[in-house]
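S.K.: Quick one: the structure is below, and I'll ask about it shortly.
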Amino acid sequence: MVRISKDLIRRRAEHNNGEIFSLEEVSLHQQDIERIEHIDKWCRDLKILYLQNNLIPKIENVGRLKKLEYLNLALNNIEVIENLEGCESLQKLDLTVNFVGKLSSVESLKQNLYLKELYLVGNPCAEFHGYRQYVVACLPQLQWLDGKEVGRAERIRALQELDAVRRRVLEQDADYIQKREEQKRSGFKETTEKQEDLQTNQLLSEKQNGAHHNPESSCKTHTDTEDEEKEFWEKPCPFTPESRLEAHRHLEDKRRAKEKEREKPKNKSPKTLITADGRVLNVNEPKLDFSLSEDENDCILLDLHVYRHMDTSLLDVDVQPTYVRVTVKGKAFQLVLPAEVKPDSSTAQRSQTTGHLLLILPVAHGEVKPKNPTAKPNSVTINKNTKKESRPAPGRELLEVDPGLAGSLANIVPKGKESSHKPLQLSQPPHRCGVEERPVSKDFVDDPEVPPLMRRCCLL
């Protein structure tokens, strides 16, 4: 239920700088208001009041509005015309499409001497026999009824037949009142049954929610809901204040249910950009236009049509050798490139006029591989016959041998015992690596103080 509050009236009084006490016109239509209240205390100078298309069942709390000239209560649930005697300046009253079934209540408007226009079209009383004659005869100050001007001859005839028309109207009033009482009783019974059915459906839905989730059961529940909705709107019912209120509350419940569904956190599955087997996918979540081309400098150009007024801080660019990924406000744009590019040499530019993002991606020729450092060998031997380099077999050690000890290394035997192992033999005489032996010169003098040269050899 929507209540009339100062904040509600102040929001509708922007033309008066938000001042309520001096307000002369206020529009409170389509606010789902169910009761007129506080207006006669807060807005005493009001001249025009719009309250159409609400759920107001009764005219009340407007008797203090002495300056009120126009009151619009169309499309509400009003059944009786009352409590308007204090509106001394009332000139126009609109009660179109309400539920006024007691036509004799029109006589309460006799004291509104300035009333010129009255609208009762769409009410049950407008279907009574003698309706227009009775209203014209009861309200001599009236000039327009339901948009049709009241002529002098029509008023004279209505006054002449007033007694007979009044008796007929009172009989129809009594019949309508009795009919409304039956509608209220049947409506109360139907409401009770619907409440019981609603409670039963709620219990069943709670049980289904507590049980194991089944796609077929959820589909069935959705179908049942659609059937219930269709049955609600296609079921014939009398046009009464209760049925109108029920339809409004049904729509309100649906609206609130949709709002709750929107407020629920949705567990969105993460978007797949790269498959489990390492395959890169083309993705365009922000749904941006783009163009891919190649220039004369052997560069791939990607022109992404980013929104012109979007801040550049909301963009994130990631360039890889085979694909490029641009994140736009959390949404991924990913494109597989037709050739390998150099990520370190790539550049991104943003146009100041169009806002487009231009990526310049230099093409990498050949397969890009990291350079492996080459290790220097510890030893190199040269075969005299083939003159080719040979490296020591894996697992064998390289030793530095003094040339003076090279001959004695072949006959190393444990002291006092005979060894079963064969003496170590060198496959080749010791020599300098990569340098052939030269004969000793005749002028060579062996100086004992000079230490012998160290030679490298490979033990095979």
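Computed from the coordinates by the stated procedures, all read-outs in this text should not be read as laboratory data. Fair warning: this is a prediction, and the values are worked out from it, not measured in the lab. In this analysis, Cβ positions are derived from the backbone assuming ideal geometry, glycine residues included, and neighbour counts consider all displayed protein chains.
S.K.: Indicate the gyration tensor shape class of the stretch 283-362 (rounded, prolate or oblate), computed on the Cα atoms with a ≥ b ≥ c the square roots of the eigenvalues: a/c under 1.5 is rounded; otherwise a/b larger than b/c is prolate and the rest oblate.
M.R.: prolate
S.K.: Using Cα centres only, tell me the gap between the stretch 89-160 and the stretch 327-364 in whole Å.
M.R.: After rounding, the separation between the Cα centres reads 76 Å.
S.K.: Rounded to the nearest 0.05, what FRET efficiency is calculated for Lys287 and Val121 with R0 set to 41 Å and r the Cβ-Cβ distance?
M.R.: So, using R0 = 41 Å, E works out to roughly 0.20.
S.K.: Starting from the Cα of Gln320, step 7 Å along the direction of its Cβ; do the same at Gln31; then give the gap between the two resulting points in nm.
M.R.: Result for the modelled spin labels: 5.9 nm.
S.K.: Same structure, new question: Can you work out ³J(HN,Hα) from phi for every residue in the stretch 90-106, in order, using Karplus 6.51 cos²θ - 1.76 cosθ + 1.60 and θ = phi - 60°, giving whole Hz and x for Gly and Pro?
M.R.: The phi angles translate into 4, 10, 9, 10, 10, 10, 5, 6, 10, 10, 6, x, 9, 5, 5, 5, 4 Hz.
S.K.: While we're looking at this one, here's another question. Looking at this model, which pairs from Lys110/Lys184; Lys110/Lys148; Lys47/Lys110; Lys235/Lys260; Lys58/Lys258 are more than 24 angstrom apart at the alpha-carbon?
M.R.: The answer is Lys110/Lys184; Lys235/Lys260; Lys58/Lys258.
S.K.: Residue by residue through the stretch 121-130, which ³J(HN,Hα) values in whole Hz follow from phi under the Karplus form 6.51 cos²θ - 1.76 cosθ + 1.60 (θ = phi - 60°), with glycine and proline marked x?
M.R.: Residue by residue, the stretch 121-130 yields 5, x, 9, x, 5, 5, 9, 5, 6, x Hz.
S.K.: If you don't mind, another one. Can you sort His309, His29, His356 by how many other beta carbons sit within 10 Å, fewest first?
M.R.: His309, His29, His356
S.K.: Calculate one ³J(HN,Hα) per residue across the stretch 319-334 by plugging θ = phi - 60° into the Karplus curve 6.51 cos²θ - 1.76 cosθ + 1.60, and present them in order as whole Hz with x for glycine and proline.
M.R.: Coupling constants for the stretch 319-334: 9, 10, x, 10, 8, 10, 10, 10, 9, 10, 6, x, 9, 8, 10, 10 Hz.
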